[in-house]
Amino acid sequence: MKLDLKRIRKAKDNRLTAVMQVRNEEEGMLEEVLEDLSRYVDEIAIVDDASTDETVALCRKYPKVKHLMTLPQSHFDREWLLRKQLWELACSTDPDWILAVDADEIYEDKAKAHMRELMDQDQFDWVGFRLFDLWGDRTHYREDEHWQIHRRHTRTLVRYIPGYHYFYPPMDHHVPRLPLSYAALPGFLAELRVKHYGWAVSREKLNEKYARYMERDPDGRWGSLAQYRSILDDNPRLVEWSDEQA
């Protein structure tokens, strides 16, 4: 079937579906994230990875969460499969654009202010943002040889193209958020930022995260052992965070 890209690449009236995979987020910032998303996306699709707390009930509180898949058994150790299931759930909603969000991330106000502008055009099919790892608290982000994801762009917003081949590498950990095959399409690198709060936690939580990383990837097959070990650094290099004006 030949795709009518001129029809698909709409320059107006695009709808945005946010996608998220969650597991036992009751004590995290899931409510804050869903509250924020509900202000600027059209709908939300979520795959719950067999949570054992009240995560599913929290998701159902938000009217924008129109698609919620609950897995009876966890696929936590097969992250590529979770990504694939989430993508297929999102595609079933017949979206125009798909925005990948983690349950501990907030797009900066400036990024949200430009979101519709980024979608309502017919020149590119994906957008890369800069992700910043807030560390210890919400006032600083980490920047050193092991923590510099913000120095490159991460593809988190894509135009849905029905019938386009999608592909996720079969990795257990650190899987791309959106299909790797979308990299072949024209994209845009936006100087807009996302605040990742997953590391803005107590020392005790950092220790727990380190133990979890080492349990999941003891040989560094999917990531860097040096980066894993650096989670326990006593004095990481931190830079003060300042919001940019929208």
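The values are calculated or read from the model by the stated rules, or taken from the named source; none is laboratory data. The shown structure was predicted, so the numbers you read here are calculated from the model rather than taken from an experiment. All Cβ positions, glycine included, derive from the backbone under ideal geometry; neighbour counts span all protein chains shown. Areas reflect the complete protein model, heavy atoms only, side chains present, ligands, DNA and RNA absent. Shrake-Rupley method; radii C 1.70, N 1.55, O 1.52, S 1.80 Å.
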> Scanning for something over 19 Å from residue 28 (Cβ atoms) and aliphatic (A, V, I, L, M), does the stretch 209-218 turn up at least one residue?
Replying inline: yes
>> Please pick out the residue among 182, 160, 164 that is out of contact with any strand residue (DSSP E or B) (no Cβ under 8 Å at 6 or more places or on another chain) and closer than 25 Å to residue 78 by Cβ.
In response: 164
>> Checking residue 217 against (1) at pLDDT 95 or above; (2) out of contact with any strand residue (DSSP E or B) (no Cβ under 7 Å at 6 or more places or on another chain); (3) open to solvent by less than 40 Å² (accessible area, probe 1.4 Å), only one condition comes out false. Which one?
In response: (1)
>> Between a residue in the stretch 213-242 that is within 16 Å of residue 147 (Cα to Cα) and part of a helix (DSSP H, G or I) and any residue that is of a type in the set (Gly, Ala, Ser) and open to solvent by less than 40 Å² (accessible area, probe 1.4 Å), which pairs come within a Cβ distance under 8 Å, given they are 6 or more apart or on different chains?
In response: 213/223; 228/220
>> Suppose we keep only residues that are aliphatic (A, V, I, L, M) and within 16 Å of the chain's Cα centre (by Cα) within the stretch 169-183. Which one would you say is surrounded by the most Cβ atoms within 10 Å (Cβ to Cβ)?
In response: 178
>> Can you find a residue that is within 16 Å of the chain's Cα centre (by Cα) and within 21 Å of residue 119 (Cα to Cα) anywhere in the stretch 44-60?
In response: yes
> Among the listed residues 36, 77, 53, which satisfies the condition of being within 18 Å of residue 104 (Cα to Cα), of a type outside the set (Ser, Thr, Tyr) and touching a helix residue (DSSP H, G or I) at 6+ places or on another chain (Cβ under 9 Å)?
Replying inline: 36
>> Condition first: exposed (fewer than 15 other Cβ atoms within 10 Å of the Cβ) and under 17 Å from residue 198 (Cβ atoms). Can you find one or more residues in the stretch 57-68 that meet it?
In response: no
> Can you pull out the residues in the stretch 35-54 that are of a type outside the set (Asp, Glu) and in a strand (DSSP E or B)?
Replying inline: 44, 45, 46, 47
> Within the stretch 149-161, can one find any residue that is open to solvent by less than 20 Å² (accessible area, probe 1.4 Å), touching a His at 6+ places or on another chain (Cβ under 6 Å) and in contact (Cβ under 8 Å) with a residue 24 or more places away in the chain?
Replying inline: no
>> So for the stretch 32-43 (the condition being modelled with pLDDT of 95 or more, among the aliphatic types (A, V, I, L, M) and under 24 Å from residue 215 (Cα atoms)), does at least one residue qualify?
In response: no
> So which residues in the stretch 184-201 are surrounded by fewer than 19 Cβ atoms within 10 Å (Cβ to Cβ) and in a loop (DSSP other than H, G, I, E, B), if there are any at all?
Replying inline: 185, 186, 201
> For residues in the stretch 220-242 being in contact with a strand residue (DSSP E or B) (Cβ under 9 Å, 6 or more places away or on another chain) and of a type in the set (Asp, Glu), which is surrounded by the most Cβ atoms within 10 Å (Cβ to Cβ)?
Replying inline: 233
> Here are some conditions: (1) in a helix (DSSP H, G or I); (2) closer than 25 Å to residue 109 by Cβ; (3) in contact (Cβ under 8 Å) with a residue 40 or more places away in the chain; (4) open to solvent by 70 Å² or more (accessible area, probe 1.4 Å). Residue 12 meets all but one. Which one does it not meet?
Replying inline: (1)
> Can we say residue 49 is touching a Lys or Arg at 6+ places or on another chain (Cβ under 7 Å) and charged (D, E, K, R)?
Replying inline: yes
>> Among the listed residues 160, 182, 141, identify the single one that is touching a Cys at 6+ places or on another chain (Cβ under 9 Å) and either aliphatic (A, V, I, L, M) or over 17 Å from residue 103 (Cβ atoms) (or both).
In response: 160
